[in-house]
Amino acid sequence: MLKYILKRLIVFIPTLIIISLLAFVISINAPGDPVERLSKSANKEGTASEQSSATKKVKQEIRKRLGLDLPIFYLSLGTLADPDTLYKVEDKAQQDNLLKLTRQYGNWEAVQNYYIALNEALEVTSKLNTDEIYQSISTFTLEEKMMDDSSYTDTIYSSSYSKNQINEAKNNTNFDILSLLESYNQEIIESKLLDIEKRYAENSFLAPSQEKFESVKTAFNYLKENASSWKTYVPKIIWYGNNQYHRWLFGDGGERKGVLRGDFGISYIDNQPVSAKIWKKFTVSFVFIFLSIVLSYLVSIPIGIYSAYKKNSGFDKGSSVLLFILYSMPSFFIGTLLLYMFANPDMYVWFPESGFQDPATFSEDWGMFKKIAHHWPYMVLPLITYTYSSFAFLSRIMRVGMIDVMGQDFIRTARAKGLGEKKVVLKHALRNSLLPIITVFANVFPVAIGGSVIIEVIFSLPGMGLETFNAILNYDYPMIVSIFTISGFLTVVGYLVADILYAVVDPRISYS
Amino acid sequence: MSDNKKTQKEKDFSFRKYAWKQFKKNKPSIISFYILILLVVVALSAHFIANDQPLFAKYRGKTFYPAFQTYFNSAKVDSTINPNTGNWEKLQFDITDWKQLELESVVWAPIPYSPEKPDRYNREYVSPSAVQYYKNPEGKRVVAPGKFRHHLGTDAIGRDVASGLIHGTKVSLLVGIISMGIASIIGITLGALAGFFGDKNLVATRFRYYMTILGVILGFFYGFIARSLSITEGFNNGIGSGLLQLAISLILLVGVTLLLNMFGKLKLPGFLGKDTNVPVDSIVSRSIEILNSMPRLLLIITISAIMKERSLTILMVIIGITSWTGIARFTRAEFLKIRELEYLQAAKALGYSNRRTMVKHALPNGLAPVFVSIAFGIASAILIESGLSFLGIGVPDEAVTWGSLLSLGRQEFEAWWLVMFPGAAIFITITVYNLIGEGLRDALDPKLKQ
């Protein structure tokens with residue numbers, strides 16, 4: 001037995017690794033850049049350029065702290081043209097685009113040069129100052145202007161371009177370069193380059209930045225001419241010793257300790273440790289799941305036994321139909337109906353509509369009974385919703401299993417021996433029909449961590465389901481990866497526990 | 001049994017006929033089956049049952065069939081001469097409000113409202129029994145005549161609930177059938193391979209084994225890494241072209257794998273030429289275990305949340321590729337059983353190829369229990385779709401589905417019709433599929449043959 005358990009535990013490891021990796025891959029492909037989001041809350045004072053350099057620094061720090069400046073996994077399969085160090089590029093959108101360009105032209109050197117030239121051009125154009133340009137291209141004139149009752153002199157600049165025109169030309173150029181940084185289609189790039197060239201020809205005042213633009217053009221032409229597309233058809237495998245997954249598992253040797261030592265990272269939403277967050281929410285969900293499982297077992301096992309014992313009786317037929325109807329009811333329908341009936345000012349207001357406690361009156365210092373007394377009205381409706389479907393499901397399983405067992409020879413033998421009906425049913429038959437019920441029990445924990453999304457959203461319960469739902473909507477990936485890994489772990493453990501319980505209930509099953 | 005004494009009846013015996021007879025005996029299941037056919041008919045003719053364009057209309061001496069014309073050509077533009085002025089008047093079928101025209105004669109659809117078009121005279125949750133208004137062709141706002149009543153009420157912006165339910169049928173049935181279609185293709189293939197070959201029955205030379213693994217990696221490279229640009233561009237141009245590019249990539253993956261597999265047939269001496277077992281069963285069983293250890297609803301929500309575009313097609317594909325494990329398990333168990341039966345041994349003894357034995361002999365006999373699993377799978381796929389629409393994930397905002405109607409009811413408790421009717425529709429469809437599944441199980445299970 002012990003050997004069997006050990007063997008199963010060893011099989012866990014690859015399963016868990018693959019689950020966490022899958023979750024990791026999903027999170028990497030998610031839209032949005034967490035660094036952007038986290039840096040938005042950073043400092044917002046100072047001039048524009050100061051601010052931008054400050055944000056840049058903050059972003060770098062965040063990237064480093066989250067480990068996003070590392071490659072994703074130990075191995076990466078790419079084309080021969082792919083650079084080894086792409087992950088070092090800071091902006092996620094630019095990183096994507098660089099990869100696309102490289103996969104198109106197959107020449108990393110040339111792509112890199114083109115990008116450097118683009119970035120330099122962007123820097124120069126964004127430094128252009130409208131006022132300075134305006135002053136440099138205009139001629140001073142002093143004009144006397146007559147107003148109604150007073151006269152004053154004013155300096156008027158006269159120029160062939162108005163300030164608005166200059167601003168527009170400058171901003172358009174800037175915008176075009178920015179969009180060049182994110183385009184990979186050759187036709188689009190060429191048409192944009194033409195646009196910018198035309199603008200330079202029309203607006204001579206942009207000249208200070210033209211030199212850089214020319215170098216962008218040369219770099220792009222060089223890229224076109226020196227494309228080596230054959231490289232994109234040759235596979236290459238790159239090995240990275242230090243990567244995000246490694247860090248997630250083992251920690252970075254400093255602040256983060258890694259999953260293996262119980263540290264699931266920090267949430268992108270509020271910078272809180274994920275494990276603390278999950279634990280807090282897990283207890284709420286667990287209370288519901290546990291109570292509902294206990295309730296449904298308490299009700300469904302007797303119903304299952306009785307209807308199997310009195311097969312084809314009125315009770316059996318009636319309960320079968322009722323259970324079937326309950327089983328086919330979607331939980332969000334039942335939940336909404338319950339709210340409509342019992343938490344609706346137009347019908348009955350027996351229970352509160354949502355939440356788990358009243359923040360105005362609830363106090364942490366209360367004794368346990370007072371807390372329970374406070375919580376229970378909040379729990380009735382969600383508990384019914386949690387329970388009814390599993391209760392219908394369990395009774396049906398119990399009934400089928402019981403009918404199966406009741407028809408077997410050893411039951412007839414027990415009766416022939418002269419045992420009382422009570423003993424035959426409750427001792428001989430029941431124990432043997434428990435196997436399928438155990439399978440369901442194995443799923444309690446994983447369901448607690450993820451399966452209750454819809455119910456918790458309907459009743460706004462602050463549990464795992466709602467937390468997960470919010471994490472998904474906000475792309476909070478450390479949270480999602482952790483939830484997947486934990487529920488995967490619990491499911492596998494659940495299966496193992498079920499297998500061991502099988503052997504306990506049925507001595508014929510042995511794993512040695 | 002001696003052959004020449006077979007009666008006509010025994011000769012005609014086929015399992016299919018027998019199962020159908022058994023199925024017909026099961027009253028709830030056969031009723032469900034007829035309800036399902038009715039639902040399919042409703043879904044197919046939804047455009048003509050609930051439409052704000054009339055089926056037939058005569059306007060200024062010219063006859064139109066707007067509902068039919070928009071069905072076959074959605075951008076149909078037609079014109080007519082106004083006899084009063086003698087001018088040409090353009091009628092744009094898709095945007096004309098036919099209720100405001102002075103039509104000479106007209107045949108309306110049974111429900112003269114389209115699901116996504118608001119009726120501005122009946123906004124703010126009009127109950128089925130409340131006073132409803134209607135603007136007649138003379139431009140007067142009157143109490144709606146029976147034909148133009150919203151029999152199941154309206155939502156906040158005046159969309160007809162009955163019409164939404166009729167068109168929602170299409171969505172639900174499509175989701176169920178397509179996602180389970182995808183799931184069955186994956187599940188039956190993998191389950192059949194795992195059950196038929198097990199861990200020991202597929203023997204290949206080491207060289208061929210390694211070449212096939214290399215083929216999968218290379219195929220993945222050429223299909224999805226070298227072509228990553230084409231796939232992204234495809235999805236930028238629309239879901240259709242994106243899925244097409246994805247299909248090309250899949251074909252490339254299979255093609256490269258097969259090519260290297262063929263190449264692996266080369267006879268080599270030494271270590272590489274020796275035979276080895278391919279652990280098909282272990283690979284499939286492990287993947288089933290892994291997929292089963294992930295919370296399925298969460299997985300579907302997460303994947304649909306990271307998709308840039310929300311569309312029903314993508315949702316169906318996601319549900320399909322995450323729901324095949326049950327089917328694979330059933331197929332595998334059935335094939336494990338069949339593998340040991342005499343007729344398969346006979347096929348093997350006759351020297352039939354593995355492929356022929358599997359496809360022609362094992363598959364037709366092994367599929368029966370899988371249908372049960374597919375029927376239950378469709379029920380749960382519909383449940384997942386309506387659950388996701390209820391949460392507002394994965395389904396486009398403008399799409400009217402049963403789940404999205406129900407979630408509108410959750411926001412406004414006064415509107416009980418927004419809760420009851422969609423809820424009942426979901427419940428009926430799921431019950432129908434579950435009952436059919438039960439009936440199939442009873443009809444196909446040899447244990448119950450009495």
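We did not get these values from a lab; they are worked out from the coordinates using the rules stated. What you see is a predicted model; the values in this text were computed from it and never measured. Neighbour counts run over all protein chains shown; Cβ positions are idealised from the backbone, glycine included.
For the pair residue A:283 and residue B:31, label points projected 7 Å from Cα toward Cβ lie 5.0 nm apart.
Taking amide H as placed 1.01 Å from N in the peptide plane, the amide H of residue B:204 sits under 5 Å from that of B:276, B:278, each at least 5 places away or on another chain. If only the Cβ of Lys and Arg carry +1 and only the Cβ of Asp and Glu carry -1, the dipole of the protein assembly as shown around its Cα centre is close to 6240 debye. Calculate the tail of P(r) for segment A:190-236: the fraction of all Cα-Cα distances greater than 17 Å, expressed in %. Value for segment A:190-236: 48 percent of Cα pairs lie more than 17 Å apart.
Histogrammed with a bin width of 5 Å, the alpha carbon distances of segment A:220-320 distribute as 2, 9, 9, 8, 7, 7, 7, 7, 8, 8, 7, 6, 5, 3, 2, 2, 1, 0 percent, first bin at zero.
Using just its DSSP H runs of length 4 or more, each adding -39500 (n - 2.57), chain A gives a mean residue ellipticity at 222 nm of -21000 deg cm²/dmol after division by all residues. In segment B:197-354, the ratio of gyration radius to Kirkwood radius, Rg to Rh, stands at 1.04 when only Cα atoms are counted.
Quantify how much of the Cα-Cα distance distribution of segment B:203-277 extends past 16 Å, in percent.
55 percent
Peptide B:224-230 is shielded by partner chain Cβ atoms: per residue, an average of 5 of them sit within 10 Å of its Cβ. Helices that extend 27 Å or more along their long axis by alpha-carbon positions and average at least 0.0 on the Kyte-Doolittle scale are, among the DSSP H runs of chain A, A:2-28, A:274-309, A:368-406, A:477-505. For segment B:107-209, the Cβ-based charge dipole about the Cα centre amounts to some 180 debye (Lys, Arg positive; Asp, Glu negative; other atoms uncharged). Evaluated with a Cβ-only charge set (Lys, Arg +1; Asp, Glu -1), chain B carries a dipole of roughly 1820 debye about its Cα centre, given to the nearest 20. The fraction of all Cα pairs in segment A:336-437 landing in successive 10 Å bins from 0 to the largest distance is 13, 25, 18, 17, 18, 8, 1, given as whole percents.
The ratio of the alpha-carbon radius of gyration of segment B:264-341 to the globular-protein estimate 2.2 N^0.38 Å is 1.64.
The HN-Hα couplings worked out from phi for segment B:103-109 by the Karplus form 6.51 cos²θ - 1.76 cosθ + 1.60 (θ = phi - 60°) are 7, 6, 8, 8, 10, 7, 5 Hz, whole numbers, x standing for Gly and Pro. Peptides A:476-485, B:45-54 ranked from most to least packed give A:476-485, B:45-54, packing being the mean of other C-beta atoms within 10 angstrom over each peptide's residues.
Over all distinct Cα-Cα pairs of segment B:285-422, the Kirkwood formula returns a hydrodynamic radius of 17.8 Å.
What Kirkwood radius, in Å to one decimal, follows from the Cα pairs of segment A:280-360?
Mean inverse Cα-Cα distance, inverted, gives 15.6 Å.
Taking the longest Cα principal axis of chain B as reference, the axis of helix B:280-293 is set at about 40 degrees.
Against the empirical curve 2.2 N^0.38 Å, the C-alpha radius of gyration of segment B:366-426 lands at a ratio of 1.37.
With a 10 Å cut-off around each Cβ of B:400-410, the average count of Cβ atoms from other chains is 2. Judged by the mean number of other Cβ atoms found within 10 Å, the most tightly packed of the peptides B:27-36, A:459-468 leads the ranking A:459-468, B:27-36.
Find the percent of Cα-Cα distances in segment A:386-512 that exceed 27 Å, and round it to a whole number. Could the numbers behind the result be given before it?
Values: 3166 of 8001 pairs.
Tail of the P(r) past 27 Å holds 40 percent of the pairs.
Taking the square roots of five times each eigenvalue of the Cα gyration tensor of segment A:277-474, the equivalent ellipsoid has semi-axes of 38, 18, 16 Å, listed largest first. In order along segment B:381-393, the Karplus-derived 3J(HN,Hα) couplings, from 6.51 cos²θ - 1.76 cosθ + 1.60 at θ = phi - 60°, round to 5, 5, 4, 5, 4, 5, x, 5, 5, 4, 7, x, 10 Hz, and Gly and Pro are given as x. Taking every alpha-carbon pair in segment B:118-158 and binning the separations at 10 Å intervals from zero gives 34, 57, 9 percent.
Per-residue mean of foreign Cβ neighbours for A:473-481 is 2 (Cβ atoms of other chains, 10 Å radius).
Say a site is exposed when it is one of the trypsin sites (Lys or Arg not before Pro), sits in a DSSP loop, and has at most 10 other Cβ atoms within 10 Å; what is then the longest site-free stretch of chain B?
Longest gap between qualifying sites, sites excluded: B:309-448.
Relative to the longest principal axis of the C-alpha atoms of chain B, give the angle of the C-alpha long axis of helix B:402-411, reported between 0 and 90° and rounded to the nearest 10°. On a 0 to 90 degree scale, this one is about 60. With R₀ set to 56 Å, the beta-carbon distance separating residue A:313 from residue A:9 gives a calculated FRET efficiency near 0.75.
Please work out the Cα convex hull volume for segment A:154-244 and give it in Å³ per residue.
Spelled out: Cα convex hull of segment A:154-244, divided by residues, is 177 Å³.
Among the listed pairs A:317/B:27; A:311/A:422; A:317/A:423, which are separated by more than 20 Å between their Cα atoms? As for pairs spanning more than 20 Å Cα to Cα, those are A:317/A:423.
Here each label is just a point 7 Å from Cα along the line to Cβ, and for residue A:375 and residue B:236 those points are 5.2 nm apart. I need the shape label for the protein assembly as shown. Rule: rounded when a/c is under 1.5, else prolate if a/b > b/c, else oblate, with a, b, c from the alpha carbon gyration tensor. It is prolate, given that a/c is not under 1.5 and a/b is the larger ratio. Just to verify a number: FRET efficiency for residue B:283 and residue A:421, C-beta to C-beta distance, R0 = 51 Å, to 0.05? The formula returns an efficiency of 0.55 here. Between residue A:400 and residue B:17, the simple label model (points 7 Å from Cα in the Cβ direction) yields a spacing of 3.0 nm. Using only the alpha-carbon atoms, how far is helix B:15-25 inclined from the longest principal axis of chain B? Give it as 0 to 90 degrees, nearest 10. So the inclination is approximately 40 degrees. Computed as a quarter of the hull surface, the mean projected area of the alpha carbon convex hull for chain A stands at 41.9 nm². Rg and Dmax of chain B, based on Cα coordinates, read 28.2, 96 Å.
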